[in-house]
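Chemist: A single structure is presented below for examination.
What follows draws every value from the coordinates through simple rules; no lab data is involved. Fair warning: this is a prediction, and the values are worked out from it, not measured in the lab. Every residue, glycine among them, receives a Cβ derived from its backbone with ideal geometry; neighbour counts consider all protein chains shown.
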Amino acid sequence: MCEQALLAAARRGQAEAFGALCQPLARKLIQSAQRITKNREDAEDALQNAFLSAFIHLKNFDGRSSFSTWLTRIAINSALMTLRKRRSSREIPIGFGESDANGVGWDVPDPSANPENLCAQREKERILREAIRELRPSIRQAVEFQLRELSMEETAGMTGVSVTAAKGRLFHGRRALRKALSLRTNRHGGQAAIFVEQA
């Protein structure tokens, strides 16, 4: 069956047709999700959620992009959601440490970052976000996809351009960010200077 016939069958609720559409893309999608989550199990969970969401919302797929591009966007969003959930529910390891007068005690490490480092990091992120917001939309989109650690092929597919064009946009984006960050060095002092060196 061709993709259009499979899409029509899947829209009628045929799970087998939907599975036939997704199966050839599964390996690429799990790799994309794992690049974001940095964890195979989380990537698999994200992909299952993406497949479920795509099946439920298949009627909303209008065909302006290819099915693979549409499904890739859903999978990436699902992986990012999984990553956000994991960050918001951090586990704190508890180990035995100093004892009290009764010989019982817990040494609970403080998981929070050094306040000074945290403040400096937030300032760097704020400066970078401002600089990214000022980029032209097409260049900003390529930079944002690269920040999500997508490959150039995935970035090109998501933006609807060739790999060469995506590389060009990324090159111009990086150059514009370096220029913007160096200008902010003079206005914001040391914090921006540190960030420019790391960029």
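Chemist: So for the pair LYS38, CYS2, with labels modelled 7 Å out along Cα→Cβ, what separation do we get in nm?
Modeler: 4.5
Chemist: Something else now. Residue by residue, what Karplus-based ³J(HN,Hα) values in Hz, rounded to whole numbers, does the stretch 49-58 have, using 6.51, -1.76 and 1.60 with θ = phi - 60° and x for Gly and Pro?
Modeler: Result, rounded to whole Hz: 5, 5, 4, 5, 4, 5, 5, 5, 9, 4.
Chemist: Count charges around ARG122 for me, please; just the other residues with Cβ under 14 Å from its Cβ, Lys/Arg as +1, Asp/Glu as -1.
Modeler: -1
Chemist: Same structure again: With a cut-off of at most 16 other beta carbons within 10 Å, and DSSP calling the residue loop, which trypsin sites (Lys or Arg not before Pro) in the stretch 21-78 qualify? Please list them.
Modeler: Counting only loop positions with at most 16 other Cβ atoms within 10 Å, the trypsin sites (Lys or Arg not before Pro) in the stretch 21-78 are LYS38, ARG64.
Chemist: If you don't mind, there's one more thing I want to ask. Using 7 Å Cα-to-Cβ label points, what is the ARG122/ARG64 separation (nm, one decimal)?
Modeler: 3.7
Chemist: If the reach is capped at under 16 angstrom between alpha carbons, list the lysines near LYS28, excluding any in the same chain fewer than eight residues apart.
Modeler: Hits, sequence-local ones excluded: LYS38.
Chemist: Could you tell me which GluC sites (Glu not before Pro) in the stretch 113-182 are loop residues by DSSP with no more than 14 other beta carbons within 10 angstrom of their beta carbon?
Modeler: Counting only loop positions with at most 14 other Cβ atoms within 10 Å, the GluC sites (Glu not before Pro) in the stretch 113-182 are GLU134, GLU149.
Chemist: Just to confirm a number: summing +1 for Lys and Arg and -1 for Asp and Glu over residues other than MET81 whose beta-carbon lies under 13 angstrom from that of MET81, what do you get?
Modeler: +4
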